[in-house]
1. Given the C-alpha centroids of segment 149-166 and segment 360-391, what is the distance between them in whole angstrom?
2. Give me the percent relative contact order of the chain, please, defined on Cα pairs under 8 angstrom at least 6 residues apart.
3. Taking a temperature of 20 °C and a viscosity of 1.002 mPa s, what whole-number D in µm²/s does Stokes-Einstein yield for segment 237-384 with Rh from Kirkwood over alpha carbon pairs?
4. What per residue convex hull volume, in Å³, comes out for segment 89-201 when only alpha-carbon positions are used?
5. Between Arg335 and Leu15, what is the label-point separation in nm under the 7 Å Cα-to-beta-carbon projection?
6. Return one quarter of the surface area of the convex hull spanned by the alpha-carbon atoms of the chain, equal to its mean projected area, in nm².
7. Could you give the angle, 0 to 90 degrees to the nearest 10, between helix 327-341's Cα long axis and the longest principal axis of the Cα atoms of the chain?
8. Work out, step by step, the length gained on full extension between Gln230 and Val291: first 0.36 nm times the residue separation, then minus their alpha carbon distance; give nm to one decimal.
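The values are calculated or read from the model by the stated rules, or taken from the named source; none is laboratory data. As the structure is a computational prediction, the values presented were derived from the model and not from experiment. Virtual Cβ from ideal backbone geometry, glycine too; neighbours counted across all protein chains shown. Protein only, heavy atoms only, side chains kept; ligands, DNA and RNA dropped before computing areas. Shrake-Rupley method; radii C 1.70, N 1.55, O 1.52, S 1.80 Å.
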Amino acid sequence: MGLITGLRCVFCGRLYSTRVAYTCPQCGVTGILDVEYDYRTIARVLTRRSLAARREFSHWRYRELMPVRADATVPDVAVGWTPLTVAPALGRHIGVGKLFLKDDGRNATGSLKDRASSVGVVKAREKRKTIIACASTGNAASSCAGMAASMGIRSVIFVPERAPEPKVTQLLIFGATVLRVQGSYEQAFQLCQKSCERWGWYNRNSAINPYLVEGKKTAGLEIGEQLTWQAPDWVAVSVGDGCTIAGVWKGFRELRTLGLMERAPRILGVQAAGAAPVTACFESGGPLEVVEPHTIADSIAVGVPRNWKKAVMAVKEAGGAMINVSDDEILDAMRYTGRLAGIFAEPAAATAVAGLRRAVAEGIVGRRSTAVALITGNGLKDVQSARAAVGAPFEVSPEGSGLEEILRQRKVID
Ligand SMILES: *Cc1c(COP(=O)(O)O)cnc(C)c1O
């Protein structure tokens with residue numbers, strides 16, 4: 001890995017070699033490490049022109065900026081280079097000048113987590129591990145299991161009691177050993193941690209594994225390239241553990257460092273009001289105060305965010321803002337994102353759209369701005385929540401009795 005210069009602790013600032021596996025040896029589990037690269041060398045290779053000529057339409061097109069060997073075997077399934085589409089009707093509804101949606105629900109297992117898990121399995125293979133483990137509220141798990149399956153690695157997954165059925169089903173389909181922990185995500189996380197230590201499995205938990213965020217940052221790299229290196233004013237990202245938002249910001253920062261982009265966008269971090277410890281840290285200046293999470297957006301229902309510091313630092317550095325939205329606003333955003341843009345977002349993904357709308361209403365995001373909302377997961381992953389947002393279909397008999405009345409009521413006919 002010639003292009004990595006070391007791993008730096010975000011807490012104490014010490015620099016380590018890549019022989020350190022997870023967190024800072026001095027600070028312990030709170031000492032999250034950040035991968036640093038030789039940007040001078042990378043800048044010579046990764047240019048606007050060289051990227052434009054690349055035929056690799058996945059996030060591996062940025063391989064020099066990823067912590068994997070040039071010849072490493074990567075999963076064959078599709079990860080990254082997800083569509084960035086303009087959504088004019090939704091943009092008008094939200095009140096911004098121009099809105100883009102980056103649809104990461106289109107990744108192989110249906111969420112942005114594939115960006116991280118794909119790097120995780122490559123690292124597991126590199127370290128000659130045959131088992132990868134992960135604790136997750138759902139998406140990181142299904143993604144870890146899917147990527148592991150595609151690489152022929154076994155996966156052991158710890159999910160909290162409340163993980164939605166479709167996500168758990170995905171795990172089983174991918175052949176994972178699924179352990180439903182009778183407790184919270186926090187408890188599942190702890191049990192996974194202990195099990196990895198005990199049995200020597202590779203730990204995919206992005207909170208402690210420094211390499212996974214390197215996969216997540218490719219969402220930022222792609223937005224930059226897809227907008228032909230013109231930064232939008234704002235990029236809205238929902239926040240649970242805080243790893244995604246920190247990753248996306250790192251991507252933009254690197255594009256600036258490499259001279260590929262002149263300025264970086266501001267980042268809007270959005271949390272569900274019932275699970276908003278990161279917003280609280282952002283406002284108070286820390287330290288973290290643990291909360292009991294209550295929100296329909298299961299993927300961001302995190303009471304003890306491991307990456308709160310990285311997330312807060314990212315948003316501050318980006319000159320951005322943090323905002324909270326209610327579950328009703330999230331359900332509403334699921335409805336209008338589907339109706340106005342044709343994209344089915346899971347609750348945690350619609351949270352970014354809801355946050356953007358609120359930020360416009362509060363005057364944080366200007367009405368003429370260009371904004372990107374990161375759709376982090378596909379709505380089919382949690383159909384139950386979606387049904388809470390939209391209700392039931394109309395029942396009609398095969399003869400069509402009552403049909404006209406319904407169509408008139410819906411103003412399909414008059
Ligand atoms: C994991 C996840 C997030 C948030 O990412 P964090 O790194 O936990 O902040 C947002 N949306 C979806 C769909 C996710 O799965």
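1. 26
2. 16
3. Answer from the Stokes-Einstein relation: 140 µm²/s.
4. Given the Cα convex hull of segment 89-201, per-residue volume reads 126 Å³.
5. Those two pseudo-labels are separated by 5.4 nm.
6. Hull-based average projected area comes out at 21.3 nm².
7. 80
8. Value of the extension gain: 18.1 nm.
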